[in-house]
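Student: Take this structure first; my questions come after.
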Amino acid sequence: MDRTQMEAGLAEFTADQLEQVDEIIGRYKSKPGALIPVLEKVQDVCGYLPMALQYRVAKGLNLPVANVYGVVTFYSFFTMVPRGKHVVRVCLGTACYVRGGQRILDELVHNLGIQPGECTEDRNFSLETVRCLGACGLAPVVVIDEDTHGQMKPAKLAGVLAQYR
Amino acid sequence: MAKLSINDLKKIKDKVEKEDQFRAGNKRVKLTVHMGTCGIASGAKSILDTFMNEISEANVNDVLITTSGCIGICSREPLATVEEQGKEPIVYEFLTENKARQIFKQHVLGGKIQTEFVLARGREQEGGK
Amino acid sequence: MKVFRSHILVCGGTGCRASGSEGVHQAVVREITAKGLSDEVAIVETGCNGFCAAGPIMVIYPEGTFYQYVKADDVKEIIEEHIIKGRPVQRLMYKEPDKEVPIPHMLDIPFFGKQMLIALKNRGLIDAEKIDEYIARDGYMGAAKALTELTPDEVIEEIKKSGLRGRGGGGFPTGLKWSFARKSQGDVKYILCNADEGDPGAFMDRSILEADPHAVLEGMIIGGYSIGASKGYIYCRAEYPLAIKRLMLAIEQAKDYGLLGDDILGSGYSLDIEVYQGAGAFVCGEETALMGSIEGKRGMPRPRPPFPAVKGLWEKPSVLNNVETYANIPQIVLKGGSWYSSIGTERSKGTKVFALTGAVNNVGLVEVPMGTPIGDIIFDIGGGIRNGKGYKAAQLGGPSGGCIPASALNTPTDYEEIVKLGAIMGSGGLIVMDEDTCMVDTARFFMEFCQEESCGKCTPCREGTKRMLQILQRICKGEGRDGDIELLEELATIIKDSALCGLGQTAPNPVLSTIRYFRDEYEAHIYDKKCPAAVCSALFKSPCQHACPIEMDVPAYIALIRAGRLEDAYRVMKKTNPFPGICGRVCPQFCASKCRRGQLDEPMAIAWLKRYIADNGKKPAIEPVPVTRKEKVAIIGAGPAGLTAAQDLAKRGYKVTVFEELPYAGGMMRYAIPEYRLPRDVIAEEVKDIEALGVEIRTSCRVGKDISFDALRKDYDIVVLAVGAHNSWKLGVEGEDLKGVWGATEFLREVNLGRDVKIGAQVAIVGGGNSAIDAARTAVRLGAKDVTILYRRERKDMPAWEHEIVAAEHEGVKIEYLVAPVKLVGKDGKLSGVVCQRMRLGEFDRSGRRKPAPIEGSEYTLSAETIIPAISQSADTTFIPEGSDIKKDKWGGIEITNRSKNKTTAESVFIIGDAATGPATVVEAIAMGHRVAADVDASIRVKNNEPAYKEPAEEKIDIPFEVDEEVVETPRAAMPELAVTDRAGNFQEVELGYTREIAFKEACRCLRCDAEI
């Protein structure tokens, strides 16, 4: 990735966001094992981790970009595609699965018209699946942003989604 | 804060026991909302808010409200415990805002246990006693 | 001042407002004005009444009538009835409860009473965000004792003595692990806490961190002190934000108090603890992978040795334990290792926390002493299976664990005992699965999980799990092949032996354990292309059709009811079912148990709709089928199995003769099921359709008496045994030769033969199945005064159908549970009483039900002149001569030689129905009849070198698709019934059948899950 590509890749982020990114890198620079916390915080600020940001992190922490890419693609928490305004996460942990989590996902795929890992065209929703949120008592569970919706039924989904539309 | 020694630890223990307003008798009722992830997801936050509003509306200062973690029976969340001075704690289950209002008015203020919403009374068994 | 005759008080408190009291208030104003009552009735908005949960509240004075749950729509009725006509509206009035219900103590509730709290001792009692509350409950006293009174070696000794083993899954002795790290040389050592809880279905660590974070810190301080660590990390998954928040707060508070940091409690020992947020990778639960992750790398395991106790994080000696393990430590130090080891089993000490989830009534966290049987956790603490469904299995240990079948519910929670079952204790995720769970799909689910979470470092795990997943996916899609099960087993063994880390080595466990206990389900998918739980949707159109043994096209005939096309609906049913009118009355409805509507409110009333069509639809005329084949088939027994086989074979052009001992065809349908459930003309009509095809039914002709079995075999090419199971089992107690002792089958047969059956005024029935209920309700109709059913288990265990049990109770039948007859007593050779013994439920039997065990000394005598054991039946096979080539099995039944369970040891003799399977249902008998007809035909064609039979093309029936826009919760439509008072002394049909209106309404409830959207 050359300089112009990198700049183009960062164009969607505001100066303020990039400043925060650099500040995070600076804060962790000297700490061993800093990469993962830095990536977590950068993703917090920017929403996702496109290649251009990974270059910036690698350069800042003085690491080979391959290492950064390796870590980003290894952990499910990191994403290289942008997320929607609202992130809909369907739990497919065992407890949710045995209580019908798959049917909830099917209905969401149908309702939103996207597959897990994708974002709606209007960038309002992205759909993800997760492995157990530890709220098994409420299975099946759908988490939208910070809100946990327990004991979901396919028929209830439209009403829940409407609150975020 | 200065560092603690063992004696300080024991002092804190005694102090908390003594100063716990509820145990010391300054408060008439202790109201605990159980707020683990499960509880919060089932609406424990709004139950807490409801109790707080009720306390301020009733303008009483003898009710201690506090939160704690999950009591383990997720399928009956949200849960709250009402403990009147000198009486067994009463655990309420499947709370809604309106049930919370009724419990506050009838039980916390009026001393009448709302049996239809009760899960159980008393405390659990600790190991090895 | 104005005087009003009435005051309407509408509550305007916050609660009632939230429930819509403003709307009610407005409606009252509107209605009163409209009725011109404004001068007579005052409307008042009041403050809160304090019955907020029953709001909106309305009180009407002067009567003081208290109305609750009032909706704006109710106002009109209240004004019209109460205010104008002076009649209070009963349905909205508050009712005093009949009696004061005592509030149970926590310890009286099995969920809490059977638990013992050590790791969870502070749950629900303290505010996790206040360190003082923790200290007030002996918090940090364990650390204080360790740091100031004990040497590190003494602490380790105490932990060793306690027998505590790692609660994260491995079960490695904690004290031993610590002693290794203590002995390791290193300038820096690390104490680590695994809070990555990746096992889906386990949430005890989250709960402990949220409810009692200081307990974990204290455990780490003690551990750190004993190994000599100066730095600690808690690796917590990012999915637990509340846990992370409370942990960080706890660390801050502990630091403020000097309980963390330098020179803790003046002991000279220093420790810092930091929270490290995981980024979502299951493999990071593995210790070396977790350490790699803290180092900022991809979390991949590395080979051991060197063990972390020697070279761990940053190559320094490290100890990693999980949250629950640490939460136990302070208690052990405080109360002593021998206190802890006094709880539990020989090799598993203390308590274990289980996250109990899935299909149980009580979902939650459960801490029990080690050794508690798994069945106790599920059925006592968990309160049994939800929605009255049957238990199938519980998955213990997550994706690395295995399943616990019904036959293993007595297994104690003990590391070694659980491993023997093919599962592991793991972190304690216990996910209960009911009969609606497909075990092949479950194995596929876990394999997919492991495949996705495989880090890719070693080939067996990376490639092996992928291959296993592909095979499982294929099986679930109905593309399984012979040999797949063996291939899965082989791959599993290779992966177990050669994968690098725990994740890989244990990944095949769920597959191996489901194959071990549920091989028949794999076989059903592979060979029959059937998913018995109706989960693998690639195998079927709709779950109801798939669950039906004869795959009736349920959604189609229901849609045709909705469209008013009953004749077509009848034809759809007749395609697969020769007895729709009968099944509409007596079918156990395997379909309904899988009905998707049941997940919303109640399953469809499928049988009753079927009956509606059969009773009301126009029936097409039946044309005889010409005999086109030279082979002749004899069928012995004119029950549902035999008659179905006869029908199918006749349609294929065979000459079929059915031999029936009794005067009428129908078998158990005619001679066991009482007439009040199944009128005789319904049977006769459906039997007539089969005769109309050209089938000859020779009634009153017993093979072995009226015609010899050998002669039959000479005259016919093929003989099908469909003789049913008409011999009741005996109780096996003293006194069974007394007069007044009837077998249920024999009793019902005599009654249904129209004979004059004499029974006493007091009748006892033994058993809990449908025949017991049939016998009891028949006895009532014959005039018995007291009819008592004796059942040795509890009501929920009764195999009889719920609505039959309820009907029997309505008719005055008494049911005594947990009781069994031990002796029959009599006078002058006649029965006078039954000596009964009370039972209690003990351990679980192989079926997963608790086994009744007698209570000594609890005997009592029930006086009875008649006793009818209805415990089971077996086939009468005496017509088969000695030395026949049809071999018998060791129980005296006929030996069956194939998977479809319809071949005997003689090539030309087949067997079906109850005689083959033991007592079963009409619909299962029909299925066997269809199957045997196909098998008989195929065997003949193979012998003749003929091509296989081809079904003639059927006329296509167009099925409309119409569903409601919006699904509103509506219960199943009730069945109109004959009044109880009209039932005595006669055998009139009790269930009267749906009317057109009811049937239409019920048909509209169908969600049409058969439709492709």
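The values are calculated or read from the model by the stated rules, or taken from the named source; none is laboratory data. The structure displayed is predicted, hence computed values, not measured ones. Please note: Cβ atoms are built from the backbone with ideal geometry, for glycine as well, and neighbour counts cover all protein chains shown.
Student: Restricting attention to region C:85-109, report how many residues are more than 11 Å from every other protein chain (Cβ to nearest Cβ) and surrounded by 13 or more Cβ atoms within 10 Å (Cβ to Cβ).
Tutor: Counting residues in region C:85-109 that are more than 11 Å from every other protein chain (Cβ to nearest Cβ) and surrounded by 13 or more Cβ atoms within 10 Å (Cβ to Cβ) gives 4.
Student: Additional query: Considering only region A:62-71, state which residues are more than 9 Å from chain C (Cβ to nearest Cβ) and either of a type in the set (A, V, I, L, M) or in contact with a helix residue (DSSP H, G or I) (Cβ under 9 Å, 6 or more places away or on another chain) (or both).
Tutor: A:PRO64, A:VAL65, A:ALA66, A:VAL68, A:TYR69 - these are the residues of region A:62-71 that are more than 9 Å from chain C (Cβ to nearest Cβ) and either of a type in the set (A, V, I, L, M) or in contact with a helix residue (DSSP H, G or I) (Cβ under 9 Å, 6 or more places away or on another chain) (or both).
Student: Scan region C:202-216 for residues that are more than 15 Å from C:PHE354 (Cα to Cα), facing chain B (nearest Cβ under 10 Å) and assigned to a helix (DSSP H, G or I) and report the count.
Tutor: Counting residues in region C:202-216 that are more than 15 Å from C:PHE354 (Cα to Cα), facing chain B (nearest Cβ under 10 Å) and assigned to a helix (DSSP H, G or I) gives 4.
Student: Something else: In region A:109-135, what residues are over 16 Å from C:GLY201 (Cβ atoms), part of a loop (DSSP other than H, G, I, E, B) and not polar (S, T, N, Q)?
Tutor: Within region A:109-135, A:GLY113, A:ILE114, A:PRO116, A:GLY117, A:GLU118, A:GLU121, A:ASP122, A:ARG123 qualify.
Student: Considering only region C:382-421, state which residues are among the small types (Gly, Ala, Ser) and crowded, with 21+ Cβ neighbours inside 10 Å.
Tutor: The answer is C:GLY382, C:ALA393, C:ALA394, C:GLY397, C:GLY398, C:SER400, C:GLY401, C:GLY402, C:ALA408.
Student: Looking at C:ALA355, C:ALA327 in this structure, which one is under 41 Å from the mean Cα position of the chain (by Cα) and part of a helix (DSSP H, G or I)?
Tutor: After applying the criteria, what remains is C:ALA327.
Student: Keeping to region C:129-170, report how many residues are more than 42 Å from the chain's Cα centre (by Cα), among the aliphatic types (A, V, I, L, M) and away from every other protein chain (no Cβ under 14 Å).
Tutor: Residues meeting the conditions: 2.
Student: Sticking with this structure for a sec: Out of region C:115-160, which residues are in contact with a Pro (Cβ under 8 Å, 6 or more places away or on another chain), surrounded by fewer than 24 Cβ atoms within 10 Å (Cβ to Cβ) and farther than 30 Å from B:ARG76 by Cβ?
Tutor: Across region C:115-160, the qualifying residues are C:MET141, C:GLY142, C:LYS160.
Student: Condition check: surrounded by fewer than 24 Cβ atoms within 10 Å (Cβ to Cβ) and within 14 Å of chain A (Cβ to nearest Cβ). Does C:TRP339 satisfy that?
Tutor: Against the criterion (surrounded by fewer than 24 Cβ atoms within 10 Å (Cβ to Cβ) and within 14 Å of chain A (Cβ to nearest Cβ)), C:TRP339 does not qualify.
Student: Please determine, by comparing only the residues of region A:103-117 that are surrounded by fewer than 19 Cβ atoms within 10 Å (Cβ to Cβ) and among the β-branched types (Val, Ile, Thr), which one is farthest from A:MET152 (Cα to Cα).
Tutor: Among residues in region A:103-117 that are surrounded by fewer than 19 Cβ atoms within 10 Å (Cβ to Cβ) and among the β-branched types (Val, Ile, Thr), the one farthest from A:MET152 (Cα to Cα) is A:ILE114.
Student: In region A:136-147, which residue that is outside any loop (DSSP other than H, G, I, E, B) and surrounded by 19 or more Cβ atoms within 10 Å (Cβ to Cβ) is nearest to the other protein chains (Cβ to nearest Cβ)?
Tutor: In this case the residue turns out to be A:GLY137.
Student: Consider C:VAL819 carefully, then state whether it is at pLDDT 95 or above, over 35 Å from the mean Cα position of the chain (by Cα), under 24 Å from C:GLN762 (Cα atoms) and surrounded by 15 or more Cβ atoms within 10 Å (Cβ to Cβ).
Tutor: no
Student: Can I ask one more? If you scan region B:88-115, which residues turn out to be among the charged types (D, E, K, R) and over 13 Å from the mean Cα position of the chain (by Cα)?
Tutor: Once the filter is applied, which keeps residues that are among the charged types (D, E, K, R) and over 13 Å from the mean Cα position of the chain (by Cα), region B:88-115 yields B:GLU97, B:LYS99, B:ARG101, B:LYS105, B:LYS112.
Student: Inside region C:418-439, can you point out the residues that are away from every other protein chain (no Cβ under 14 Å), over 25 Å from C:SER207 (Cβ atoms) and in contact (Cβ under 8 Å) with a residue 12 or more places away in the chain?
Tutor: The answer is C:LEU421, C:GLY422.
Student: Pick out the one residue from C:PRO303, C:PRO308 that is crowded, with 23+ Cβ neighbours inside 10 Å, more than 14 Å from chain A (Cβ to nearest Cβ) and assigned to a loop (DSSP other than H, G, I, E, B).
Tutor: C:PRO308
Student: Quick check on my filter: what residues within region C:183-201 are crowded, with 24+ Cβ neighbours inside 10 Å and either closer than 19 Å to C:ALA128 by Cα or away from chain B (no Cβ under 13 Å) (or both)?
Tutor: C:TYR190, C:ILE191, C:LEU192, C:CYS193, C:ASN194, C:ALA195, C:ASP196, C:GLY198, C:ASP199, C:PRO200
Student: Taking region C:236-258 as the search range and keeping residues that are outside any helix (DSSP H, G or I) and touching a Lys or Arg at 6+ places or on another chain (Cβ under 6 Å), which one is surrounded by the most Cβ atoms within 10 Å (Cβ to Cβ)?
Tutor: C:TYR240
Student: Moving to a separate point now. Taking the condition of being at pLDDT 90 or above and hydrophobic (A, V, I, L, M, F, W, C), how many residues in region C:266-292 meet it?
Tutor: 6
Student: Quick one: which of C:VAL719, C:VAL733, C:VAL703 is of a type in the set (A, V, I, L, M, F, W, C), over 22 Å from C:PHE579 (Cβ atoms) and surrounded by fewer than 18 Cβ atoms within 10 Å (Cβ to Cβ)?
Tutor: Sole residue among the options that is of a type in the set (A, V, I, L, M, F, W, C), over 22 Å from C:PHE579 (Cβ atoms) and surrounded by fewer than 18 Cβ atoms within 10 Å (Cβ to Cβ): C:VAL733.
Student: Output the number of the condition that A:GLN151 fails; it satisfies all remaining conditions of (1) more than 9 Å from every other protein chain (Cβ to nearest Cβ); (2) polar (S, T, N, Q); (3) part of a loop (DSSP other than H, G, I, E, B).
Tutor: Looking at each condition in turn, A:GLN151 falls short on (1).
Student: Quick test of your reading of the structure: C:GLU463 fulfils all but one of (1) farther than 19 Å from C:CYS531 by Cα; (2) touching a strand residue (DSSP E or B) at 6+ places or on another chain (Cβ under 8 Å); (3) not in a strand (DSSP E or B). Name the failing condition by number.
Tutor: Failing condition for C:GLU463: (2).
Student: Listed residues C:VAL967, C:VAL963, C:VAL932; which is modelled with pLDDT of 95 or more and either assigned to a loop (DSSP other than H, G, I, E, B) or farther than 30 Å from A:PRO154 by Cα (or both)?
Tutor: Every option except C:VAL932 fails the conditions.
Student: If you go through region A:5-23, how many residues are more than 20 Å from A:ALA66 (Cα to Cα) and assigned to a helix (DSSP H, G or I)?
Tutor: Here the count works out to 8.
Student: Further question on the same structure: Run down C:ALA533, C:ALA538, C:ALA524 and say which single residue is under 25 Å from the mean Cα position of the chain (by Cα) and not in a helix (DSSP H, G or I).
Tutor: Residue meeting the stated conditions: C:ALA533.
Student: Cβ-Cβ under 6 Å, sequence separation 6+ or interchain: first residue in region C:786-798 and surrounded by fewer than 24 Cβ atoms within 10 Å (Cβ to Cβ), partner of a type in the set (Lys, Arg) and modelled with pLDDT under 95. Which pairs?
Tutor: Partner pairs satisfying both residue conditions: C:ASP797/C:ARG849.
Student: Output the residues belonging to region C:54-82 that are at pLDDT 90 or above, among the hydrophobic types (A, V, I, L, M, F, W, C) and not in a loop (DSSP other than H, G, I, E, B).
Tutor: C:MET58, C:VAL59, C:ILE60, C:PHE66, C:ALA72, C:VAL75, C:ILE78, C:ILE79
Student: Can I ask one more? Conditions first: (1) under 28 Å from C:LEU249 (Cβ atoms); (2) within 14 Å of chain A (Cβ to nearest Cβ); (3) within 45 Å of the chain's Cα centre (by Cα). C:VAL283 passes all but one, so which condition is the exception?
Tutor: (1)
Student: Shifting gears a bit: Answer yes or no as to whether A:PHE74 is surrounded by 18 or more Cβ atoms within 10 Å (Cβ to Cβ), without any contact (Cβ under 8 Å) to a residue 12 or more places away in the chain and not polar (S, T, N, Q).
Tutor: yes
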